[in-house]
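Worksheet: the structure to be examined is printed underneath.
The values are calculated or read from the model by the stated rules, or taken from the named source; none is laboratory data. The structure presented is a predicted model; accordingly, all values stated were derived computationally and were not measured. Cβ coordinates were reconstructed from backbone atoms using ideal geometry, including for glycine residues, and neighbour counts include every protein chain displayed. Each accessible area value is taken on the protein alone, full model and side chains, heavy atoms only, with ligands, DNA and RNA left out. Shrake-Rupley method; radii C 1.70, N 1.55, O 1.52, S 1.80 Å.
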Amino acid sequence: MPWKLSSEFTFDSAHVITGYDGPCGRLHGHTYRVRMELTSDRLRPSAHVKRAIMVADFKTLKWAKKDVDVGGLDHAYLNDLPDLGDDTTAEVIAAYIHRKTMERVRADLPEGDDGADLRLHVTLWETPDSSCEYWE
Ligand SMILES: [Zn+2]
């Protein structure tokens, strides 16, 4: 894995962990911080450049930073997202971000490229000192 692309950003969202006996069971918000790390054995073209000079477009890794009305997670009520529902823990959100990011990365791959060498590692901070990591 000679290349590792990293990108960090934040998004602000509200959530409630339904059924949680404590403060997390009440509606509240976080400034979530995300670190995306995507490793690759080789370089590829992207949707914006035809030469094989990228692991992926940085903008593909930053999709969640966008407003919820244009497909991101910023200013979302996370419990409204169909794949999350009542279970909006950092663990579930990190796995969700991983799955949705890999769908976007794979959609950008050239014809015949299965992206088998690509590995994504997601770190999600719910607060400045509490984070969850997810990778496959
Ligand atoms: Zn919370």
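Could you order Phe9, Phe58 by accessible surface area, starting with the largest, using a probe radius of 1.4 Å? Write out the running numbers ahead of the final one.
Details: Phe9 5, Phe58 100 Å².
Correct descending sequence by accessible area is Phe58, Phe9.
Normalising by the residue count of the chain, find the relative contact order in percent from Cα pairs under 8 Å and 6+ residues apart. Intermediate values should be presented prior to the final figure.
Working: 266 pairs, mean separation 38.3, N = 136.
It rounds to 28 percent for the chain.
Rounded to the nearest 500 deg cm²/dmol, what is the calculated helix-only ellipticity per residue at 222 nm for the chain, with -39500 (n - 2.57) per DSSP H run of length n ≥ 4?
Values: 2 runs with 22 residues, N = 136.
Helix contribution divided over all residues of the chain: -5000 deg cm²/dmol.
So which GluC sites (Glu not before Pro) in segment 42-132 end up in coil per DSSP with only 10 or fewer other C-beta atoms within 10 Å? Mind showing how you got there, number by number?
Values: sites: Glu91, Glu103, Glu111, Glu126; in loops: Glu111.
When the GluC sites (Glu not before Pro) of segment 42-132 are filtered for loop state and at most 10 Cβ neighbours within 10 Å, Glu111 remain.
Would you mind telling me the share, in percent, of accessible area of segment 1-129 contributed by carbon and sulfur at probe 1.4 angstrom? Don't skip to the end; give the middle numbers.
Working: 3580 of 7030 Å².
On segment 1-129, the fraction of accessible area on carbon and sulfur atoms equals 51 percent.
Viscosity 1.306 mPa s, temperature 10 °C: Stokes-Einstein D of the chain from its Kirkwood Cα radius, in µm² per second? Can you show the working numbers first?
Working: Rh = 15.7 Å.
Diffusion coefficient, whole number: 101 µm²/s.
Identify which of Gly85, Gly25, Gly115 has the largest mean-square fluctuation in a Gaussian network model of the chain, with springs joining Cα atoms closer than 10 Å.
Between Gly85, Gly25, Gly115, it is Gly25 that shows the largest mean-square fluctuation.
Can you give the accessible area per residue of the chain, in Å², using a 1.4 Å probe? Working shown, then result.
Numbers: 7630 Å² over 136 residues.
Using a 1.4 Å probe on heavy atoms only, each residue of the chain averages 56 Å².
Considering the chain as a Gaussian network with a 10 Å cut-off on Cα pairs, which listed residue, His30, His15, His98, attains the greatest mean-square fluctuation?
His30
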